[in-house]
Amino acid sequence: MSSLVNLTRHLLHENTYSRESLELANIINQLVLAAKLVSREVTKAGLVDILGATGEINVQQEEVQKLDVFANTTFIELLKQSPYVKAVGSEEVSDIVVFNQAHHQHSEYIVHLDPLDGCSNIDVNVSVGTNFVIFRRVSKGKKLTKADYLQAGKQAVCAGYFVYGSSTMLVYSTGGGVHGFTLDPSIGEFILSHERLQLPEASTIYSINESYYPKWGQKFRGYVDNLKKDKNTKGKIRTARYIGSLVADFHRNLLKGGIFLYPADKKHPNGKLRLLYEGIPFAYLIKQAGGYASNGQEDVLEIVPKKLHQRIPLFIGNTKDVKEAEKYL
Ligand code: P6P
């Protein structure tokens, strides 16, 4: 029993029971409660009328799925209950959501999240997830400023994701390594299952949507062509894996290594993935796990967002692989 570590105990222990860790523990426990509610809906999605699209188009110009709406509402409402969260940036909402109830007067934290990443795959039972990153405010005034919610990822105090797959997991870091917890539905607790995750030294896996090959630049096409001929020290050629749900592709990358690539192309001149709630959470985690994330020119964690839904190209995984890809971009 003494080896049983639940999330709250881990969070407090990890941060030496500091005041900030108590505040983070409260915020993450709200995220956990929301994730349990979303996990329940996701796992029974085929049985109730919560599958499919709502008929609306969101700020990303994507079809809004019913589960997207449920997840977005659930996470925002539960984060609003925390006395520590001042605002939420959500993939589903065009502007920053600022909380101004009485218990938010001294709230110090901003949470950016993608409530249900990969949602277009939900109808075919592919793993989806919720990505999040937490920042502390930098301004001292009463009014929230852009400087508070448009910070570079290196300023984050916590990042993580929930993945709703064959099991529901939480993978998070507060800067002291990456830790994975698996939900035990029979007791409703996230139990430590992957302590201090580190990327494997090397991997033959590369992950990219090759249907966009005709839209890539000439140099990048040459790079991908070479990947197919590439052999590792044991003479093994590369293996392609692409799920099409970023959180699932990232989770595999974190556990098995390799490189995930989503370059800019003619259809997505600035890339498709969003900096604040896709690029930054995963860049924060991969760095803690010994890897690296780039937009092709620089470390994703160094980029100061100019707007909430800013898109970036994303190359993430083993540092050696990502640095090699940067030469062709
Ligand atoms: P494509 C899902 O819609 C998503 O935002 C990410 O989860 C995923 O990695 C990407 O888009 C897939 O994009 O263009 O390969 O279908």
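The aspartates and glutamates whose alpha-carbon is closer than 18 Å to the alpha-carbon of residue 234, local same-chain residues fewer than 8 away aside, are 201, 321. Applying the Karplus relation 6.51 cos²θ - 1.76 cosθ + 1.60 with θ = phi - 60° to segment 200-212 yields 3J(HN,Hα) values of x, 3, 8, 7, 9, 7, 10, 9, 7, 7, 6, 5, 8 Hz, where x marks Gly and Pro. About its Cα centre, segment 205-328 has a charge dipole of approximately 360 debye under the convention of +1 per Lys or Arg Cβ and -1 per Asp or Glu Cβ, with nothing else charged.
Provide the packing ranking of 315-328, 232-245, 108-121, 128-141, i.e. peptides ordered by the mean count of other C-beta atoms within 10 Å per residue, highest first. Don't skip to the answer; put the middle values down first.
On the way: 315-328: 19.5, 232-245: 12.9, 108-121: 24.7, 128-141: 21.1.
With the highest mean Cβ count within 10 Å placed first, the list reads 108-121, 128-141, 315-328, 232-245.
Distant-in-sequence amide contacts of residue 197, defined by a placed amide H-H separation under 5 Å and a gap of 5 or more residues or a different chain, comprise 178, 179, 180. Segment 80-113 and segment 220-272 have Cα centres spaced 35 Å apart.
Couplings 3J(HN,Hα) of segment 165-171, computed from phi: x, 4, 9, 9, 10, 10, 10 Hz, in residue order, whole Hz [Karplus 6.51 cos²θ - 1.76 cosθ + 1.60, θ = phi - 60°; x for Gly and Pro].
Could you check how much of the accessible area of the chain is carbon and sulfur, as a whole percent, using a 1.4 Å probe? Numbers along the way, then the final one.
Numbers: 7610 of 14560 Å².
In the chain, the share of accessible area belonging to carbon and sulfur is 52 percent.
By the rule of a C-alpha distance below 12 Å, with chain neighbours fewer than 8 residues away ignored, the aspartates and glutamates paired with residue 327 are 298.
When the chain is treated as a Gaussian network with alpha carbon springs shorter than 10 Å, the biggest mean-square fluctuation among 80, 287, 307 belongs to 307.
For segment 323-329, 3J(HN,Hα) computed residue by residue from phi via the Karplus equation (6.51, -1.76, 1.60; θ = phi - 60°) reads 4, 5, 4, 4, 5, 9, 10 Hz, glycine and proline entered as x. Surface analysis of the chain yields an accessible area of 44 Å² per residue, using protein heavy atoms and a 1.4 Å probe.
Each Cα pair of the chain feeds into the Kirkwood radius, which the Stokes-Einstein equation turns, at 10 °C and 1.306 mPa s, into a diffusion coefficient of 79 µm²/s. With 31 Å as the limit, the listed pairs 44/287; 154/231; 154/228; 66/86; 215/306 have 44/287; 154/231; 154/228 beyond it between alpha carbons.
The values are calculated or read from the model by the stated rules, or taken from the named source; none is laboratory data. All values derive from a computational prediction rather than experimental measurement. Neighbour counts are summed over all protein chains in view; Cβ atoms, including those assigned to glycine, are modelled from backbone coordinates with ideal geometry. Heads up: the accessible areas ignore ligands, DNA and RNA and are worked out on the full protein's heavy atoms, side chains in. Shrake-Rupley method; radii C 1.70, N 1.55, O 1.52, S 1.80 Å.
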